[in-house]
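Beneath this line is the structure, given in C-alpha cells, with notes to follow.
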2 protein chains.
Amino acid sequence: MRASRFFISTLKEAPSDAEIVSHKLMMRAGMIKRLGSGIYTYMPMGLKVIRKVEAIVREEMNRAGAVELLMPLVQPAELWQETGRWDKMGPELMRVKDRHGREFAIQPTSEEVITDVVRSEIKSYRQLPLNFYHIQTKFRDERRPRFGLMRGREFTMKDAYSFDRDLEGMQKSYQIMFDAYTKIFTRFGLKFRAVAADNGAIGGTGSHEFHVIASTGEDALVYCPTSDYAANMEAAEALATGTRAAPTAALTKTATPKAAKCEDVAKLLGIELSKTLKTIALTAEQEQDGKVTKQYFMLLLRGDHELNEIKAAKVPGLTGAYRFSTEEEILEVYGCKPGYLGPIGTKAPVTVVADRAVANMSDFVTGANEVDFHYTGANWGRDMAEPHITADLRNVVEGDPSPDGKGVLAIERGIEVGHVFQLGTAYSEAMKATYLDENGKPAPLQMGCYGIGVTRILGAAIEQNFDDKGIIWPTAIAPFELVLCPMGLDRSELVKEETEKLYAAAQAAGIDVIVDDRGLRPGAMFADWELIGVPHRVVIGERGLKEGQLEYQGRRDTEATNVPLADIVEFIKGKVRQ
Amino acid sequence: MRASRFFISTLKEAPSDAEIVSHKLMMRAGMIKRLGSGIYTYMPMGLKVIRKVEAIVREEMNRAGAVELLMPLVQPAELWQETGRWDKMGPELMRVKDRHGREFAIQPTSEEVITDVVRSEIKSYRQLPLNFYHIQTKFRDERRPRFGLMRGREFTMKDAYSFDRDLEGMQKSYQIMFDAYTKIFTRFGLKFRAVAADNGAIGGTGSHEFHVIASTGEDALVYCPTSDYAANMEAAEALATGTRAAPTAALTKTATPKAAKCEDVAKLLGIELSKTLKTIALTAEQEQDGKVTKQYFMLLLRGDHELNEIKAAKVPGLTGAYRFSTEEEILEVYGCKPGYLGPIGTKAPVTVVADRAVANMSDFVTGANEVDFHYTGANWGRDMAEPHITADLRNVVEGDPSPDGKGVLAIERGIEVGHVFQLGTAYSEAMKATYLDENGKPAPLQMGCYGIGVTRILGAAIEQNFDDKGIIWPTAIAPFELVLCPMGLDRSELVKEETEKLYAAAQAAGIDVIVDDRGLRPGAMFADWELIGVPHRVVIGERGLKEGQLEYQGRRDTEATNVPLADIVEFIKGKVRQ
C-alpha cells in the first residue's frame, strides 16, 4: 500500500469524551470516527486491524471444525419470545417494528436463530456434533456507552454455537473451542488468561472467560502462579485458612463513639482490621398464596474482606431474590441502627451466615447491637451460638491459598474479550430443538456457545500495548507490518529508486508493507507511524544508501539499528515472522 | 474441505413460496434459509459464494484506488434529516428508537454518513480525489419482499462514494468506477450489460446500470448490436422515423361501436394498429398563493406504442407532478368519455403533445370525441392544428433506429446488480460538505456513488445459469471449484488412498476443492452436486483407477471424459483457470 492511496488522518489531541487510553489513541490514530453515542465508523486504518483479527478467528474456528454461516441482524420477535428473552432482556435489546407493525430484535447474539436453524435441519444423532459460527454486527443498547470500542452499542462479535447428543459430547465440543480460543489469543500476540467463570442465571454447567491482561482492565482475575488455577473474582473460591484458636480474652463491651465502620473501630481500638467483624443485614422475601413472608439474614465477613454477591446468592434461603435490609427493618429486627450490629444478643431470630474466615476467628471485635458500642474479645460458642451457616461469602485476596492446594493466589486486571459457555439444554428445551437418538427417540440437543468480541480486541490490545508516543500493535494484528519512510523522496532519485525496490521486495516476501510517499517532514512522518503503532519501520535515506545501509527500528526499540541493504528483506522477514 | 466437516443440506422440493428459479434452487441447494419475510440466514454453502463475490469486488475496488472503511448500520436520524431523506424515504426506511427515545435509521445506503465523515476530514483540494467504499448489511423494508435474495429486506451491498473538486474530476472518478465494474462483472464470469440510465429525482448528471442478462429479468435493456449504444428502457431515446407523407384520404367520421381501444378499432376497420392514435389525457396541478390551477394535456402515441412515463415527466408543464385525468375531468374538458378522445375538435383548450412517431403520421385513425365514433383519414395541418409539442414519449421497440445512428435497436431482459451514479453536489450542498480550493475559498464537493448488490448477484447468476438438474455456477463464484466423488470409499483402500492424494494435490495447486466423504450412493451424491452447481467434478472409482483413469465431467458437459490419473491436476487447473 502507498500512503498516498490510503487514508491517514491523525490528530494531536484526543476529543474530550475519550476517557481511556485505547479510546484516545484510536481516535488520534484515525482508526475510528464517532457517529453517535457508542456508534463508530471503522476508518480504513481501524478496519485493517479488524480484518486481521477476523482472519485469525476464522482460520482457527475452521481448523477446529466449526462451520461459518451468517445469521441476520434483524430477527423476528417470535423466536425471542419462545425463550422468554424478549421480556427478560430489557432495554439493552434494541427492538424495531416493520411497516406492518411486526416486531423484531436487532441481534445482540443469536442463540434463538441458530437453535431455530438447527431444529429444522437436524433430524438424527448421525448429524451430530455440529458447530456453527458467524462474525456479525451486533447491537446492544447500553445505558451508558463509553470507552470507544470497549463498550460500544454497535460492535462486531464472533459467536459460535455447538450442538451435541449428550453432556459428554458437549463438554468435548467445549474443550475444542477452549483450545481454539487459546490458539487465537496466542496468535494475536497478546498476553491473556482464561479464567473459570460463574455460570450465572443461564444455569449451564461450565464457563470460562478469556481476558487480555491490562492494568486498566475492569475485571479482577485470580490465578495461582504455581499452578493452573485461574478464575474470575466472582468464581474464585476462598478457602478457610488455619483453624480457630481458643479464646484468650474476656468479652468486654467497649464504647466506640461514632465508629460505625470497621476501619474506624480498628483505628480507635488500635487493632488490626482483620480482628473486626463486618455485619451485613439482608432480607429475602418469599411470596406464597399471595402472602409475602420475610426472612432475615446476618452475613458476617472479616473487616478487611469484601462481600461477593454472586457467592451470597448461593446461600440456602438467598438463592431467590435477596436485598440489603432497609434501615426500618434493621431497627425492627436488631433494635439498633446499622453500624453497630453483631451476632451477640440480636433481638429477633435471624439466620447467621459466617464467611469461612469468620468461623475461624477468635478474640474478635463485633458490634454490640447498641449505638456507639462494640464488644471486644468475642468468641464463637462461648459468647454466642455457632453460626447457623458457614459459607464462602467473600472475594479472595492476594495471598489466599489456591483452591487446588498448589500455592497462593495472585490477582491481576483483565479485559474480557472472549467467553465460552456450556449452555446445556436451556435453549433447546425452550425451543423444542431435539434430535432422534439411536433408539429413534427425540432428545434435546446439548448446546454450548462461544463468543469473541472482535472489535473489543482492538481496545484491549491497545490497553495492553502503548507508550507515550502511541499504540504498539502486535505484528499479527497491526494495520501494516512494516512502514517504509523514505527521506526526501522528491529530491533524491536514489532514495526513490531504492524505496520502490524495497517496497516491491517486501511485497514479494509477503510482508504487509506501506510506503509513506506523502512527502511529510521526517518528524511528522515518524510521529504518525509511532502513533498508529506499526511495529516495524525502515528509514531510507540518501546518506545511508551510499554506505549501503538502512535504518531499522522496532516500535519498542529505543534506538535504530543499521542493516545492510542486501540483508534488509530477510532481516524484516525474521522480525515479522518472529 | 471435507463434506463431512462442512454442512450440506439439500431438498428435493422447493418451498411453495419460492416463485422464481433462483429462489427455488438456492433453497433446494441449502444456500439460504428463510428467517422471516425477506430475511434469510446465509447457510455455509451460500456464504461461500457471497465471500467469493465480495473478494472479487474488494480486489477490484482496491485496485481502482478506492479505500475500504465500514460505516455503522444504525445511523442517527439527524443526518438523514439534513438531506431531507428522513421524510422523503417513506416506510422503506427502517426506523428505530433507542432507550432514550432518539431516532435512528437502519441504513439502506450511506450517502449521509460518508458525507458527514468527509466534511470533517477533508479540508483542502490537496486531499482530493477520494473514494471510500464499504461492504455492509443493508435493510430496506420492502412492501412486498419476494424472490429470495433478489428482493429481500436484509441484504449485503457494496457502496462506494467518490469526492472530487470539480465536475471534470468527478467524471473521471466515475469512469474509473465504470471500468472497475466492467472488470468485476467480467471476473464473475457472467454475461452482463452496462446501460445508460435515467438520473431520476436525485438530479445528477449521469448514471449507468449494470445488468446480468437473463430471460427472466425484470428490466428491459435496449442495445444496438452493431454499436456501443445501450440504455435501459426508461432512458433509451426513440428517434423519429421517416418523414410525414402527404394526405391521400379524406377525413371521414366512422362509427366504431364499443371499440374504445386501438386494438378494437384496428380490428373493426381492418387496418394496422400503427395507423391508429392512442390518446392519453393528463392533468397537471399547480398551487400558487393557495389557489390550485389545473392544466390539461393530451398525449398522443401510435396505437402500437407504449407510454414511457419518465419521458412524459420531462415535457414542459409536466415536469412537476402530473396524473392521469379523472373521468369527470375528461367529460368536462373533452365533452366525451374516455376511449373516443382525439385531437380533432376538443371542447376546451388543451396542450396537445405528440410523440415523434405521431407527428410523422398521415391518413391515421383517431377518436372523434364522441362515444362510438372515430375519424379515419386524419391528417395534421389539414384536419387539425399541428401539435403544440412534439417529444419523445414512448418506449422504444425492437427495430427502432439506434440513437447513435449506427444500426437498429434490440431488446433483452436483465437483472440490475450494479448502479453507478454522478451525484454532483446534491448531498454536499445539503450537508455543507466543502473543501478549500487553490484560492482558499470553500467549494462544495462533487460526488459520485456506486453500488453493487452483493447478495443479489447470487440470484442473478443463477437466473442466468441453471438447468433442470440445478445451478451451474461460473467457476469464479462457485462455492467450490471442484468436487471429488469417490466411489465406495468405505470398501476400497485404493479409492481411499487415491482420493486423499488427489485431494492434497488439488489443494496444493490452489484449487478450492471439496471431497464428498459422506458415503452416499453415487446417484444421490451426483444429484447433490449437480443441484449445488459445482462446475467441475471428478469421480474416483476402483475400476478406473486400475486402468489409471479418472472420470471428469464439467457441469455443462453431457458426458464424462476419461483423464489419465497422472494428468488430472494439470487438467483441472486448466479447466478452473480457463
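The values are calculated or read from the model by the stated rules, or taken from the named source; none is laboratory data. Values in this document were obtained by computation on a predicted structure and should not be read as measured data. So basically every Cβ, Gly included, is an ideal-geometry build from the backbone, and we count neighbours across all protein chains shown. We work out accessible area using only protein heavy atoms, side chains counted, and drop any ligands, DNA or RNA first. Shrake-Rupley method; radii C 1.70, N 1.55, O 1.52, S 1.80 Å.
Summary of values
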item	result
Exercise: per-residue mean of other protein chain Cβ atoms within 10 Å, A:62-73	6
Label-point gap, in nm, between residue B:99 and residue B:253 - each point 7 angstrom along Cα→Cβ	7.9
Qualifying trypsin sites (Lys or Arg not before Pro) for region B:236-289 [loop in DSSP, other Cβ within 10 Å: at most 10]	B:258
Residues along region B:109-133 losing 50 Å² or more of accessible surface when the other protein chains are present rather than the chain by itself (probe 1.4 Å)	B:121
Sites residue A:566 and residue B:567 - FRET efficiency at Förster radius 45 Å, r taken between beta-carbons, to 0.05	0.60
Sites residue B:437 and residue B:175 - FRET efficiency at Förster radius 25 Å, r taken between beta-carbons, to 0.05	0.65
Length gained when the stretch residue A:295-residue A:226 is fully extended (0.36 nm per residue, less Cα-Cα span)	20.6 nm
DSSP beta bridges in chain B [antiparallel fraction, %, rounded to 5]	80
When each of B:24/B:191; B:191/B:573; B:52/B:123; B:97/B:432 is checked by Cα-Cα distance, pairs over 29 Å	B:52/B:123
Separation of the residue B:19 and residue B:382 label points, Cα + 7 Å toward Cβ, nm	5.0
Heavy-atom accessible area per residue - the protein assembly as shown, 1.4 Å, Å²	42
Accessible surface buried upon B-A contact (total; probe 1.4 Å; Å², nearest 100)	4700
18 Å reach of a label modelled at residue A:5, 7 Å along Cα-to-Cβ, counting backbone N of region B:164-199	B:173-184
HN-Hα J in Hz across region A:500-513 - Karplus 6.51, -1.76, 1.60, θ = phi - 60°, x for Gly and Pro	4, 4, 5, 4, 5, 5, 5, 4, 4, 7, x, 8, 7, 10
Full-extension gain in nm, residue B:244 to residue B:12, via 0.36 nm per residue minus C-alpha separation	77.5 nm
Solvent-accessible area, 1.4 Å probe, carbon plus sulfur percent, for region A:497-578	48
Cα gyration tensor category, rounded, prolate or oblate, for region B:10-109 with a/c compared to 1.5	oblate
Sites residue B:127 and residue A:469, calculated FRET efficiency, Cβ-Cβ separation with R0 30 Å, nearest 0.05	0.75
Inter-copy label distances at residue A:577 (7 Å, Cα→Cβ; nm, one decimal)	2.4
Label spacing, shortest first and in nm, from residue B:249 to its equivalents in the remaining copies (7 angstrom along Cα→Cβ)	12.5
Under the Karplus curve 6.51 cos²θ - 1.76 cosθ + 1.60, θ = phi - 60°, whole-Hz ³J(HN,Hα) for region B:108-120, x wherever Gly or Pro sits	x, 7, 10, 4, 5, 5, 5, 5, 5, 4, 5, 5, 8
Estimated [θ] at 222 nm from DSSP helical runs (n ≥ 4, -39500 (n - 2.57)) normalised by residues in chain B, nearest 500	-7500 deg cm²/dmol
Note, ³J(HN,Hα) from phi for region A:42-56, Karplus 6.51, -1.76, 1.60, rounded to Hz, x at Gly and Pro	7, 6, x, 5, x, 4, 4, 5, 4, 5, 5, 4, 4, 5, 5
Along chain B, longest interval not containing exposed GluC sites (Glu not before Pro), exposed being DSSP loop plus at most 15 other Cβ atoms within 10 Å	B:20-217
Qualifying trypsin sites (Lys or Arg not before Pro) in region B:364-445, DSSP loop, other Cβ atoms within 10 Å at most 15	B:382, B:406, B:432
For the protein assembly as shown, the spread of Cα positions along each principal axis, largest first, Å	136, 78, 75
Residue-averaged beta-carbon neighbours from other chains (10 angstrom radius) around A:28-39	4
Relative contact order %, chain B, counting alpha carbon pairs below 8 Å whose residues are six or more apart	17
Label-to-label distance, nm, for residues given as residue A:372 and residue B:430 (7 Å Cα→Cβ offset)	7.3
Residues whose placed amide H lies under 5 Å from that of residue B:409, excluding near-sequence neighbours	B:399, B:400, B:402
Trypsin sites (Lys or Arg not before Pro) within region A:119-197, DSSP loop, no more than 12 other Cβ atoms inside 10 Å	A:123, A:143
